[in-house]
1. For the chain, set up a Gaussian network in which alpha carbons nearer than 10 Å are linked by springs, and say which option among Val45, Val183, Val197 fluctuates the most.
2. Dipole of the chain, Cα-centred, from +1 at each Lys and Arg C-beta and -1 at each Asp and Glu C-beta, to the nearest 20 debye?
3. For the chain, with a Gaussian network of springs between Cα atoms less than 10 Å apart, report the residue from Asp132, Asp189, Asp25 with the top mean-square fluctuation.
4. Taking 0.36 nm per intervening residue step and subtracting the Cα-Cα distance, what contour gain separates Ala136 from Asp203 on full extension?
5. Separation between the Glu184 and Arg161 pseudo-spin-labels, each 7 Å from Cα along Cα→Cβ, expressed in nm?
6. Using 19 Å as the Cα-Cα cut-off, could you pick out the over-long pairs in Lys181/Lys201; Lys50/Lys106; Lys61/Lys93; Lys103/Lys128; Lys140/Lys202; Lys128/Lys202?
7. In a GNM of the chain with a 10 Å cut-off on Cα contacts, which of Ala89, Ala124, Ala77 has the highest mean-square fluctuation?
8. For the chain, what does -39500 (n - 2.57) per DSSP helix run (n ≥ 4), summed and divided by total residues, give at 222 nm, in deg cm²/dmol to the nearest 500?
Amino acid sequence: MIGKKLLTVTLTTSIILTACSQSTDSLEAYYNKLDKANQKESVIVDLNKKMKSLEMKKVKKIQELNKAKGNDFNTKAKNITDGIDDREAIINKEEKALAESEKIYKSSKKEFNAIEDKDQKKEAKELKTALDKKYALHEKVISGYKNVLKAEKNLFGYLSRPNATQKEADERSKELSEQNKKVEKVVTDYQEILKKVQKEKKDVADLLDK
């Protein structure tokens, strides 16, 4: 009987120890896959710098346009239109980078499903939820920017014509303003979800460091 009791105690102790020392291998594999996806987005930092530079040049050109008259006005309006393609190229590169990142992220389903520990699963799920929102919102950001660029082409392309009227210009200007407001809202939401993603990633990293 004593032997059986000792065996029972030993088995119970083993179960407790196993429960207290859950492996983080699956969580780490999931985290590493997400990190690999994030690496595809590293080019965005440089793209954002280029975009900021082009936006500043655009503002300067618009200021010059506001002071121009006659044929000079039409020429400067065309210069703004021609510069839109450079920003569109940057948007397309960012869209491609996020698509590659999301492809890797979606392939992390196997690693996510392999996580069995309750606490680990909870943190991983919160991170996954944040990332789902991040990719969805980024699509809206890209779409919004493209609509802004389209509205810019519509406005400044029209202003480059010698027979442009104030009424038509005002309508196109109104459309551009509306598109800018829409994308500003989406960008704000996107920035907020990026903060959430960073917080959830830190929570997962803290579990791995324990």
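Laboratory data are not the source of any read-out in this text; all were calculated from the coordinates shown. Everything numeric in this text was worked out from a predicted model, so none of it was measured. Methodologically, a virtual Cβ is constructed for each residue, glycine included, from the backbone with ideal geometry; neighbour enumeration extends over all protein chains shown.
1. Checking each option, the largest mean-square fluctuation is seen for Val45.
2. On the way: 47 positive and 37 negative charges, 63 e Å.
In debye, rounded to 20, the chain gives about 300.
3. Top of the fluctuation ranking is Asp25.
4. On the way: separation 67, 0.36 × 67 = 24.12 nm, distance 2.21 nm.
So the chain would gain 21.9 nm between Ala136 and Asp203.
5. 2.9
6. Working: Lys181/Lys201 31 Å; Lys50/Lys106 29 Å; Lys61/Lys93 24 Å; Lys103/Lys128 14 Å; Lys140/Lys202 26 Å; Lys128/Lys202 13 Å.
Flagged as over cut-off: Lys181/Lys201; Lys50/Lys106; Lys61/Lys93; Lys140/Lys202.
7. With Cα springs under 10 Å in the chain, the top fluctuation among Ala89, Ala124, Ala77 is at Ala89.
8. Values: 7 runs with 187 residues, N = 210.
Mean residue ellipticity at 222 nm (helix-derived): -32000 deg cm²/dmol.
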